[in-house]
Structures are given as structure tokens and as C-alpha cells.
Amino acid sequence: MAFLVDPTRRPGPVLVPPGVYAPQADTHLLARALHREMPAPGTDVLDLCTGTGALAICAARRGARVTAVDIAWRAVLTARVNAMRARQRLTVHRGDLLGPVRGRSFDLIVSNPPYVPTPPSEPATGRGPERAWNAGHDGRVVLDRICAEAPRVLRPGGVLLIAQSGLSGTEETLERLADSGLSATVSDREHIPFGPVLRSRLSWLRESGRIAPREENEELVIVRAQRN
């Protein structure tokens, strides 16, 4: 069980079974950015890579109509259970990013996708718990798809919020979103100590030049992009 910081309420627990990504610093940072958007009752919100459903629940508590998507059945079932425990209504689909919501559009899209650079010796995505963070050698296997596909389903004035690591190329995300016609900026930054996954890859990260020899902290960012 983990606790999510929802700026509108006291912290509440969400169930986190084995193999489902637990709310962490990136989730909390994205929750604060989501709160600033103030999704009103009736706002259509899409949560991509929902995991436990924690962010989707935050939006639903404000009265938004929330659709959540995850590729892992365990995450889908977890999000549904957590929504019931929180007494919030979510529509949760199992599928690959925008596949389950073809033909629809949204006012707000939030996503905390896999973004951790992955050594060549490990699967780029995988099927176990690593699927929640492994994202290819540059950490962009999923990020690039979101940058290309999400703008197409944003309504005029709609906003996309993405959490990622500085290790997976913040400027690349900004450039790709700009190429898709969105106005993109970094709205939030936070430096945290390397977690267990990055610590297990320190040798590779240093040898490949992705981090400095004595670097011990990771920069988390929230990219905010708006369709004009």
C-alpha cells in the first residue's frame, strides 16, 4: 500500500500489488501539476499509463470524466479496485496508449510513462514489473509515441502533462511537442536521489556518459504542452 499526495485532500492510500508501479516522487509532482489545471466537473481527462489509477482518481475527485489506460491487466484491475475504494467513477481500459480511445478527444491528458534508459542487456520494455520503467536505451520508447500521438486527441486549448526524467531528454520532448503544434514548457522540476532502478544501472549510465562520475541525483520534470 502507498500514499498519494492529492493537494485537494488528505493523503489517501492506494493498493499497490506486486508488479504495479507504486506512486512515487514523479507521481506526486504530476499530481500537483494536475491540481493546478483545476479540471472542472465535466472536463474530459485521459490518464495514459495509469498504473494504480492514483492520478485518475485525483482528477475524478474534482468531478472530471476520467478515462484511464494501461497495457498491463494487473494495473487495469488495480486501478478499478482503487477507484471503488475511493468511491470515484473511472473508465479503465486495457490497451496500448491511445488504442482504446480511438475517435475520442480530451481536454486534459496526463501521463507518467516508462522513461528509464535501459541497458542493451535488458529488454527495452519487457512483460514483468520492469515494463513500468524500462524504455529503451534513451528512455524514449514510450515518450516519443506520446509526443506524436497525444496531440491528435487534444481539443483546442487542451493540455498535456507528462512526467519524465532529465535522463530521457527533456529538450527532445519539448521539440517533438512543438513539432506537433503544441506550446510546450517545463512547468515543474525536482531533484531526487537515484532510486533502486537507476542505482542498479549506475555503471552503465556512467560508462555511456549519461551521468557524470559523481552524480547521485536525478532531475524529474513535468512537461506541460497546450494546443492553441
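The slack between residue 121 and residue 105, meaning 0.36 nm per residue of separation minus the straight C-alpha distance, is 1.9 nm. Ordering 205, 163, 57 by the projection of their Cα atoms onto the charge dipole of segment 25-227, which places +1 on the Cβ of Lys and Arg and -1 on the Cβ of Asp and Glu, puts 57 at the extreme positive end. Projecting label points 7 angstrom from Cα along Cα→Cβ for residue 38 and residue 155 puts them 1.7 nm apart.
Run the dipole for segment 25-227 about the Cα centre, Lys and Arg Cβ at +1, Asp and Glu Cβ at -1, nothing else charged, and hand back the magnitude in debye, nearest 20.
Numbers: 28 positive and 23 negative charges, 205 e Å.
Here the size comes out at about 980 debye.
Taking 25 Å as R0, compute the FRET efficiency from the Cβ-Cβ separation of residue 183 and residue 24 and round it to 0.05. Working shown, then result.
Values: r = 28 Å, r/R0 = 1.13.
For R0 = 25 Å, the calculated efficiency reads 0.35.
At 1.4 Å probe radius, can you tell me the per residue accessible area of the chain in Å²?
Values: 10690 Å² over 228 residues.
Result: 47 Å² of accessible area for each residue.
Taking the Cα centre of segment 19-67 as origin and assigning +1 to Lys and Arg Cβ atoms and -1 to Asp and Glu Cβ atoms, the resulting dipole is close to 180 debye.
For segment 7-81 versus segment 117-179, the inter-centroid distance based on Cα atoms is 18 Å.
For q = 0.15, 0.21, 0.22, 0.26 Å⁻¹, what log10 I(q)/I(0) does segment 42-115 give under the Debye formula with an equal point scatterer on each alpha carbon and no solvent? With no solvent term, the Cα-only Debye profile gives -0.40, -0.80, -0.88, -1.22. Measuring nothing but protein heavy atoms, the accessible surface of the chain at 1.4 Å probe radius is 51 percent carbon and sulfur.
Quick one: go through segment 170-207 and flag any residue whose amide nitrogen is under 15 Å from the point 7 Å out along the Cα-to-Cβ line of residue 215. Only 170-172, 190-195, 198-207 fall inside the zone, counting backbone N under 15 Å. The antiparallel fraction among DSSP beta bridges confined to segment 25-227 stands at about 45%. Using the Karplus relation 6.51 cos²θ - 1.76 cosθ + 1.60 with θ = phi - 60°, the per-residue 3J(HN,Hα) values for segment 96-110 come to 9, 6, 7, x, x, 10, 4, x, 10, 9, 9, 7, 8, 10, 10 Hz, with x marking Gly and Pro. Figure legend: label point modelled 7 angstrom from the Cα of residue 191 along Cα→Cβ; residues of segment 158-180 with amide N under 15 Å from it are 166-167. How many Å³ per residue does the convex hull of the Cα positions in segment 142-228 occupy? Convex hull of Cα atoms, per residue: 92 Å³.
Taking only the Cα atoms of the chain, the radius of gyration and Dmax are 16.5, 50 Å.
The values are calculated or read from the model by the stated rules, or taken from the named source; none is laboratory data. The shown structure was predicted, so the numbers you read here are calculated from the model rather than taken from an experiment. Cβ sites come from the backbone with ideal geometry, for glycine too, and all protein chains shown count toward neighbours. When the accessible area is computed, the model is the full protein with side chains, heavy atoms only, and any ligands, DNA or RNA have been set aside. Shrake-Rupley method; radii C 1.70, N 1.55, O 1.52, S 1.80 Å.
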